[in-house]
Amino acid sequence: MNLIRFSLSISQEVKCYSKFDKNLGNCANLLGNVGMDDCCLNTHYGYTGDDGKCKSCGPPLWSEWTAWSSCSVPCKEGVMQRRRECHGQGKCAQTTDPMKLLQLTLETKPCFESDCCPEQGHWSEWGQWEPCSVTCEKGMRKRMRTCTKPPPKCGGSCDGPSEEKEPCVTGQVCPMHGGWSNWESWKACSGTCISGGLPKPTQQRNRLCTNPPPSSVPPGNQCPGLGNEIRDCVELPFCPVNGEWGSWGPASSCSVTCGVGVNEMLRECNNPAPAHGGQACLGSNRKTTICNTKMHCPVDGEWSQWAEWEKCTSSRGKINCRKIGGSQRRQRWCDHTAFDGKTCHGGISDYRPCFDIDFCNFNGKLSEWSEWSLCEPPCGEGSRRSREKKCTPDLSEYPEKIGYPVKTTAYFYGIPKVKCPETEPPTEIKQILACMNVPPCDR
């Protein structure tokens, strides 16, 4: 069993958070400043130090892979990448090889966008000018052109506008019709509050027929409508009462039973409460102080990765090179459980039906091409991908499913000796191609 060890010496003071997102690497719900060891009494917590980066108090675990990035080029062949990070106290991988560490945190694969890249088109000649937009004074006229000589391809376009405008003069004088100016602001109400049984106070605003005034020759029209407006004052307030805070209530017990939490005190805006549009109390109704239980929180177990499948065996004796089913086992371990934390849910062992074909002789044939591998290295120059054809054994005489009372898919254990016909190509063919447009490695 692997336990997380914490130093009892005086540790660096950090900002302690009660939540850490394992996938995003973000901290949330700031508790306050405490020593790093005290903050990490709870392995679900996170903290930030002098560098401002959020770190997990838990055991070292890989985050989920990010979504694949967009293709590195907008057309033809490029690559996509995805990444993950190691969060927690310690290292997720024991290797010190920079390339192996890079391959654990970065994956690259080819991508294919459209078969062609955008090509720009060119404009036709300008068309004839259209008639002037007005029949008197000055207006505007326009002419058009089309993106057809040649037209663009694969989503391209033509540079510049398709329309051109210029002023035009008719030589005719237009009459000037009167226009209202903007309304003036409403004047003050005739009273300061509403009294029952009396007419409501009113307020008035005015406007002038000066924007523009109507012309004399040729004669323009007067402004339509009235030059003043009167309305009732219906929203006069009662005298406002501003709120004031009451006394602080007693402090609550610590919000947690282990690690670092908070005590909380509350107050009410009731001394007096705000009324008739008065202002609410300024400040917060909640005050917290940090509390430290000095008790380590339970550390729940985390399953290790499954070990490799063991040899295919049977209680009925030797089954190698025989069409007699056996069983394979693989195991995993519940790591990190400490301080009365929960053990892992599920079983430590997994079984599946199998046939032992290790070193057995088979006739075979060359397989179809495999899927393209990931690009290696995943960044920088010299990145390549590969696929292969292999001489595979003919297993058609073995049943696909075995077991009792329920039959399940059977797996094959071992490396058989496979002979492909002499008319077939070599027993293994490998094809290697360069990955295109691979981004440089981060420094």
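Laboratory data are not the source of any read-out in this text; all were calculated from the coordinates shown. What you are looking at is a predicted structure, and each value in this text was computed from that prediction instead of being measured. FYI the Cβ positions are ideal-geometry reconstructions off the backbone, even for glycines, and counts take in every protein chain you see.
Using +1 at the Cβ of each Lys and Arg and -1 at the Cβ of each Asp and Glu in the chain, identify which of 436, 314, 148 lies farthest towards the dipole's positive end.
The residue sitting farthest along the positive end of the dipole is 314.
Top mean-square fluctuation among 195, 18, 56, Gaussian network model of the chain, C-alpha springs under 10 Å?
Between 195, 18, 56, it is 195 that shows the largest mean-square fluctuation.
How large is the dipole of region 129-279 about the Cα centre if only Lys and Arg carry +1 and Asp and Glu carry -1, each at its Cβ, rounded to the nearest 20 debye?
Computed about the Cα centre, the dipole is about 700 debye.
Among the listed pairs 389/419; 22/294; 53/342; 22/53; 318/365; 19/342, which are separated by more than 23 Å between their Cα atoms? Please report the intermediate quantities before stating the final value.
Values: 389/419 14 Å; 22/294 25 Å; 53/342 29 Å; 22/53 14 Å; 318/365 28 Å; 19/342 19 Å.
The pairs that break the limit, which is 23 Å between Cα atoms, are 22/294; 53/342; 318/365.
Of all the C-alpha pairs in region 48-196, what % are more than 24 Å from each other?
Working: 7922 of 11026 pairs.
For region 48-196, the share of Cα pairs beyond 24 Å comes to 72 percent.
Is the C-alpha gyration tensor of region 140-273 telling us rounded, prolate or oblate? Criteria: a/c under 1.5 is rounded; beyond that, a/b larger than b/c is prolate, otherwise oblate.
oblate
Could you work out how far the C-alpha centroid of region 46-70 sits from that of region 178-219, in angstrom?
Here the two parts' Cα centres lie 64 Å apart.
Determine, for each peptide in 105-118, 209-222, the mean count of other beta carbons within 10 angstrom over its residues, then list the peptides with the highest first.
Taking the mean over residues of other Cβ atoms within 10 Å, the ranking is 105-118, 209-222.
Identify, among 409, 377, 226, the residue whose Cα sits farthest towards the positive end of the charge dipole of the chain, taking +1 on the Cβ of Lys and Arg and -1 on the Cβ of Asp and Glu, with the dipole about the Cα centre.
409
At 222 nm, what value in deg cm²/dmol follows for the chain if DSSP H runs of at least 4 each add -39500 (n - 2.57) and the sum is divided by all its residues, to the nearest 500?
-500 deg cm²/dmol
If you count, for each residue, the other Cβ atoms within 10 Å and average over each peptide, how do 290-302, 85-97 line up from highest to lowest?
My ranking of the peptides, most packed first, is 290-302, 85-97.
At a Förster radius of 41 Å, what calculated FRET efficiency corresponds to the Cβ-Cβ distance of residue 185 and residue 286, to the nearest 0.05?
Working: r = 42 Å, r/R0 = 1.03.
Approximately 0.45, to the nearest 0.05.
Can you tell me which lysines have their Cα less than 24 Å from the Cα of residue 187? Leave out same-chain residues fewer than eight positions away.
200
May I ask you to list the residues of region 74-98 whose amide nitrogen lies under 15 Å from a point 7 Å from Cα along the Cα→beta-carbon direction of residue 51?
Flagged as within label range: 85-92.
What's the extension gain from residue 434 to residue 398 if we count 0.36 nm per residue and subtract their Cα-Cα distance?
Answer, rounded to one decimal: 9.0 nm.
So which of 109/430; 109/401; 100/311; 76/100 end up more than 27 Å apart, counting from Cα to Cα?
109/401; 100/311; 76/100
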